[in-house]
Amino acid sequence: MKLIFINLLIGAMSLYAILNSAYKAATALVAIALVAGVMTAHAADADYWDAEKAYARGDYATALPILRKIADNGGVLAQFRLGLMYHTGKGVTQDYKEALRWYRKAADKGYDGARFAVGSFYEKGYGVPQDYVEAVKWYRKAADQGNADAQRDLGTLYFIGRGLNQDYATARMWFRKAADQGHATAQVQLGNFYDNGLGVTQDYVQAHMWFNLAAARSTDKEVREVAVDRRDRVAAKMTSQQIAKAQEMARRCEASKFKQCD
């Protein structure tokens with residue numbers, strides 16, 4: 001099989017995805033508060049935002065006790081941030097078990113970023129025995145909430161058949177959900193499906209389109225390089241007319257915010 005499956009690359013990106021969840025969560029809370037004209041418990045808590053500012057400038061000694069106090073009182077974002085600190089070893093000794101404990105508290109309250117993190121820990125065996133079935137459970141919870149990283153990783157487990165039966169059609173469905181949110185790695189995976197005819201009719205035009213979108217959107221150097229390589233490889237098997245069609249499809253897909261990509 002000529003498929004270049006970038007599972008190792010996906011694994012390396014999981015920490016980035018969890019870090020990105022923390023930024024998105026803080027940004028989303030502020031936006032929601034402004035639109036609604038009200039403030040959430042965290043947004044109203046000046047101490048929490050002081051802790052976030054301290055964390056952002058690398059002053060973990062100031063951030064840690066504030067976050068711990070808020071987390072002990074049930075603050076979801078503080079719980080998630082503590083999980084991240086123990087995960088990465090920032091301001092504390094790296095401790096995967098303690099990281100998972102805090103991630104799990106936030107996950108049990110329904111925060112999708114924490115649910116994704118818990119799934120990632122079970123998939124990789126961080127702080128717990130490796131358990132793909134448990135990873136699938138947590139990824140699915142986050143994926144059903146629209147978390148694109150969880151959708152990508154759930155698609156990966158369906159693709160390779162870990163924690164569930166291998167199922168290319170379901171894997172492609174989850175990759176497509178993530179790709180439609182602009183997730184570059186999922187877009188590369190969709191390109192691989194069409195390039196190699198995995199559960200779909202082989203379609204170089206569709207493959208080129210998804211590789212091209214990933215190459216244009218990815219902010220990760222490794223993912224972008226993989227996307228460019230795969231796009232150029234599939235282009236070598238296409239006519240100039242097919243390439244032109246794929247490029248036009250990519251422009252339409254991007255302009256429609258991934259609503260018109262077929």
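The values are calculated or read from the model by the stated rules, or taken from the named source; none is laboratory data. Remember, predicted model here, so these are calculated numbers, not experimental data. In this analysis, Cβ positions are derived from the backbone assuming ideal geometry, glycine residues included, and neighbour counts consider all displayed protein chains.
With respect to residue 101, is the statement that it is at pLDDT 95 or above, in a helix (DSSP H, G or I), of a type outside the set (Asp, Glu) and surrounded by fewer than 18 Cβ atoms within 10 Å (Cβ to Cβ) true? Judged against the criteria, residue 101 is a match. Between 237, 245, the distinction of being in contact with a helix residue (DSSP H, G or I) (Cβ under 7 Å, 6 or more places away or on another chain), assigned to a helix (DSSP H, G or I) and either surrounded by fewer than 21 Cβ atoms within 10 Å (Cβ to Cβ) or in the same structural domain as residue 114 (by TED's automatic domain parsing) (or both) belongs to 245 only.
Residues of region 39-98 being assigned to a loop (DSSP other than H, G, I, E, B) and either within 24 Å of the chain's Cα centre (by Cα) or aromatic (Phe, Trp, Tyr) (or both), which ones? Give the steps one after another, and end with the answer.
Of the residues in region 39-98, the ones assigned to a loop (DSSP other than H, G, I, E, B) are 39-40, 45, 57-59, 73-75, 89-95.
If the condition is that a residue be assigned to a loop (DSSP other than H, G, I, E, B) and either within 24 Å of the chain's Cα centre (by Cα) or aromatic (Phe, Trp, Tyr) (or both), then 75, 89, 90, 94, 95 are the ones that fit.
The set of residues from region 197-218 being touching a residue at least 24 places away in the same chain (Cβ under 8 Å) and either at positive phi or aromatic (Phe, Trp, Tyr) (or both) comprises 199, 204, 210, 211.
Taking the condition of being part of a helix (DSSP H, G or I) and more than 18 Å from the chain's Cα centre (by Cα), how many residues in region 122-159 meet it? Give the derivation first.
Our first condition is that a residue be part of a helix (DSSP H, G or I); within region 122-159, this holds for 122-124, 132-144, 148-159.
The next check asks that each one be more than 18 Å from the chain's Cα centre (by Cα); those that pass are 133.
Qualifying residue count for the region: 1.
Being within 24 Å of residue 54 (Cα to Cα), surrounded by fewer than 22 Cβ atoms within 10 Å (Cβ to Cβ) and at pLDDT 95 or above: is that true of residue 136 here? Against the criterion (within 24 Å of residue 54 (Cα to Cα), surrounded by fewer than 22 Cβ atoms within 10 Å (Cβ to Cβ) and at pLDDT 95 or above), residue 136 does not qualify. Being within 30 Å of residue 171 (Cβ to Cβ), among the hydroxyl-bearing types (Ser, Thr, Tyr) and either free of Cβ contacts under 8 Å to residues at least 40 places away in the same chain or surrounded by fewer than 16 Cβ atoms within 10 Å (Cβ to Cβ) (or both) is a condition met by no residue of region 104-120.
For residue 231, are the conditions met, namely being part of a helix (DSSP H, G or I), outside the structural domain of residue 119 (by TED's automatic domain parsing) and either within 30 Å of residue 133 (Cα to Cα) or in contact with a Pro (Cβ under 6 Å, 6 or more places away or on another chain) (or both)? Walk me through it before giving the result.
On the way: part of a helix (DSSP H, G or I): yes; outside the structural domain of residue 119 (by TED's automatic domain parsing): yes; either within 30 Å of residue 133 (Cα to Cα) or in contact with a Pro (Cβ under 6 Å, 6 or more places away or on another chain) (or both): no.
In short, no.
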